[in-house]
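Only one structure is covered here, and it is reproduced in the block below.
The values are calculated or read from the model by the stated rules, or taken from the named source; none is laboratory data. Remember, it's a predicted structure, so these values are computed and weren't measured experimentally. Cβ coordinates were reconstructed from backbone atoms using ideal geometry, including for glycine residues, and neighbour counts include every protein chain displayed.
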Amino acid sequence: MTNTNTAGPASGSLLPFLDRKHTIAKPGYSRWMVPPAALCVHLCIGQAYAFSVFNLPMTRLLGLTESTPDDWKLTDLGWIFSIAMVFLGISAAVFGRWVEEGGPRKAMFTAGCCWAAGFLISAFGVYVHNLWIIYLGYGVIGGCALGIGYISPVSTLMKWFPDRPGMATGMAIMGFGGGAMIASPLSVWLMNTFATASDVGVLWTFITLGLGYFVFMMVGAAIVRVPAPGWKPEGYVAPATPTKLITKNDVYVYDAVKTPQFWLIWCVLFLNTTAGIGVLGQASAMSQEMFPGQITAIAAAGLVGLMSVFNMGGRFCWASLSDFIGRRNTYFVYMTLGFILYVTVPFAGGTGNVVLFVCCFLIIVSMYGGGFSTVPAYLRDMFGTRYVGAIHGILLTAWSAAGIVGPVLINYIREYNITHGIPNAQAYNVTMYIMAGLLVVGFICNFFVKAVDQRYHMKSEPDGAGLSPAASQTAKA
């Protein structure tokens, strides 16, 4: 007997309206309602990229105008974001199958509750001045909200848009990249609004954001729907025979991780993300040090803002392009063009060409964002739609790993170069060449991605319960 029920953060028996069967779309429901539902979630959890606006105010919660010995240090506060990113990857991997089987509404509802709870618990941590409570609130519980919320609409969108799966996921995931554009100025405005002579305004800003995000995420959970079995877009005709790298078959989630294709794509995402995230995190300092006197702190801040726009836009544009040229070819573009751009950055710095430098960075960060939005459709092409959300959740551990490796490469190699007498303007050159080398490895990994062997395909026979031979053996009671 196959056991398809899995425990999860919210129980369908207690809240039956959250169950998948209650979210099946009725005739007449427009599939174009699903991307806004996904954006309601992704624009909210995208606030994570803007959390740094709280760091300096939280170093003077007690001193108000300047830090006191009892205030928190900036290095200690930096762990809040790091913990959240780690739990993003962990929760996406652990709850991926539950999200897939429970449906998008249950996942969005759970993510909204965890995201709001993370802010409210963090507000209590600010109130009692206990940093460990904030680690628990925003870092652990908020990080779980990030992971569950991030993958919640992925497979649903691809089922609604079988004709344009890349565009569909790009529309949602661009919200995660653009969430900081809303959250950053909003958070600063709220802190200024709530600030008093005895309060920097962080506590009530956390409370306001937690409640506000909860409302918007509940709107997304309310309007999301899954297509009825057998539904197809009007006029859509599936290809009679699948292309070499697009399958009509499904692969069970735990069989997918046994395939070389999964780990090759894991490496591709890891390497593309490692190269991009290091640049994204150090863009301001790098630009000022490579162009002293030419790029000021204000100009560097403008560059960071512009990179956010390209990060967001790249998630939609590159993923949409992948619908026409294919996912594998799109990653070939990322790796090839990225290699050229990374080796060009030192040249731009050496010649003082600010325009060339900025153009390189903007295109690099667009492909960094594009890598995230293209990979769900890549997984769908390789492993089918049934468990693509769960498979995507496990694959996001590559993001967590890259979030550690990328900044370490940038920061420690720079520090090593400076301590050995290399001028600041040239301290990043070796790192850029290393990033280019990583993309060469990524190109090779992508080259070896082939169609999944049919022995991993799920079976439709009754005794197999819709699983592959390996999965049906492990799932039997």
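Which of the residues that make up region 245-269 are surrounded by 24 or more Cβ atoms within 10 Å (Cβ to Cβ) and within 21 Å of residue 315 (Cβ to Cβ)?
The answer is 265, 268, 269.
Name the single residue, out of those in region 419-471 being among the β-branched types (Val, Ile, Thr) and closer than 30 Å to residue 349 by Cβ, that is modelled with the lowest pLDDT.
Across region 419-471, the extreme among qualifying residues is 422.
Among the residues of region 4-20, is any at pLDDT below 85 and touching a Leu at 6+ places or on another chain (Cβ under 7 Å)?
Yes, because at least one residue in region 4-20 is at pLDDT below 85 and touching a Leu at 6+ places or on another chain (Cβ under 7 Å).
What are the pairs with Cβ atoms under 8 angstrom where one residue, in region 200-213, is closer than 13 Å to residue 121 by Cβ and the other, located anywhere, is surrounded by 23 or more Cβ atoms within 10 Å (Cβ to Cβ) and β-branched (Val, Ile, Thr)? Sequence gap at least six, or different chains.
Matching pairs, first to second residue: 203/126; 206/126.
If a residue must be aromatic (Phe, Trp, Tyr) and crowded, with 24+ Cβ neighbours inside 10 Å, how many such residues does region 120-144 contain?
1
Considering only residues that are surrounded by fewer than 16 Cβ atoms within 10 Å (Cβ to Cβ) and part of a helix (DSSP H, G or I), which ones fall in region 180-215?
182, 185, 189, 192, 193, 211, 212, 215, listed by residue number.
Which of the helices (runs of 4 or more DSSP H) found entirely inside region 33-119 contain at least 2 residues meeting this: crowded, with 24+ Cβ neighbours inside 10 Å and either in contact with a Cys (Cβ under 8 Å, 6 or more places away or on another chain) or not polar (S, T, N, Q) (or both)?
The qualifying helices (runs of 4 or more DSSP H) are 34-45, 74-94, 96-102.
How many residues, within region 120-173, are modelled with pLDDT under 90, touching a Cys at 6+ places or on another chain (Cβ under 9 Å) and not small (Gly, Ala, Ser)?
Number satisfying all stated conditions: 0.
Working only within region 275-288, note down all residues that are modelled with pLDDT of 80 or more and either over 21 Å from residue 407 (Cβ atoms) or not aliphatic (A, V, I, L, M) (or both).
276, 287, 288
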